[in-house]
Amino acid sequence: DTGRYVEALELHFEALETAKRAGAGYAQVGAAVQMMWGLNHAGRSDEAVSIARQALSLGEYSNSEYLRNGLAASLMKLERLDEAITIYEDNAERGQITTRALAWGRLANLYAQRGDIKAAALAASAALECALQTQVLFARIRAAIAVLKHGSDEEVQVILPLVEGRISPDKDAQLEFEAAQLERSVRAQSTRLERSVRAK
């Protein structure tokens, strides 16, 4: 959180090795979850994918779905979008509500990248539905990004009160949220101007 990624990763690797030596699958998955963001931020997404896949091969634990989301984010960094979509779709369908909010939020943007605007809008709606059922801020912000980019005006009015005045612990997501707000505002102004010109 303070941007000291090298120091943090050293500790995460120490935790991962300790979990491996102890044969503790849950702890290994947990350590892998914690290091995904730092590795991606450090430009080591290939390494993140390898660590995540190894930990996920140990079996299913209560924190495995968070690691799958982290794996999908790493695959996105590597432009392996089809693989990322498959993982996010799995979590969106059978994950806990917070994981589902995150997964649907990501899927909305991924579907839009593929040119499937209808699927993006449906994913944004699903992200909103999940965001209304979780208190976790970064999941709500991820859903808000999707709704701002691909949702209806009515959906924007529902999601914004959940996140306004709050700052995401994920600085990248916060920047993406602010950019999506600005983009939505500019789009709305442009639409109002077009209507005004047509009315004249």
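Restricting the stretch 183-199 to residues that are surrounded by 10 or more Cβ atoms within 10 Å (Cβ to Cβ) and among the polar types (S, T, N, Q), the residue that is modelled with the lowest pLDDT is Thr191. If you go through the stretch 148-160 one residue at a time, do you hit one that is surrounded by 11 or more Cβ atoms within 10 Å (Cβ to Cβ), touching an Asp or Glu at 6+ places or on another chain (Cβ under 9 Å), at pLDDT 95 or above and within 15 Å of Gly105 (Cα to Cα)? Yes, some residue in the stretch 148-160 is surrounded by 11 or more Cβ atoms within 10 Å (Cβ to Cβ), touching an Asp or Glu at 6+ places or on another chain (Cβ under 9 Å), at pLDDT 95 or above and within 15 Å of Gly105 (Cα to Cα).
When you scan the stretch 1-39, how many residues do you find that are over 13 Å from Leu67 (Cα atoms) and in contact with a Gly (Cβ under 7 Å, 6 or more places away or on another chain)? Of the residues in the stretch 1-39, 4 are over 13 Å from Leu67 (Cα atoms) and in contact with a Gly (Cβ under 7 Å, 6 or more places away or on another chain). Residues in the stretch 112-157 that are outside any helix (DSSP H, G or I) and over 19 Å from Met76 (Cα atoms): Leu132, Gln133, Thr134, Gln135, Val136, Gly151, Ser152.
The values are calculated or read from the model by the stated rules, or taken from the named source; none is laboratory data. What you are looking at is a predicted structure, and each value in this text was computed from that prediction instead of being measured. Cβ sites come from the backbone with ideal geometry, for glycine too, and all protein chains shown count toward neighbours.
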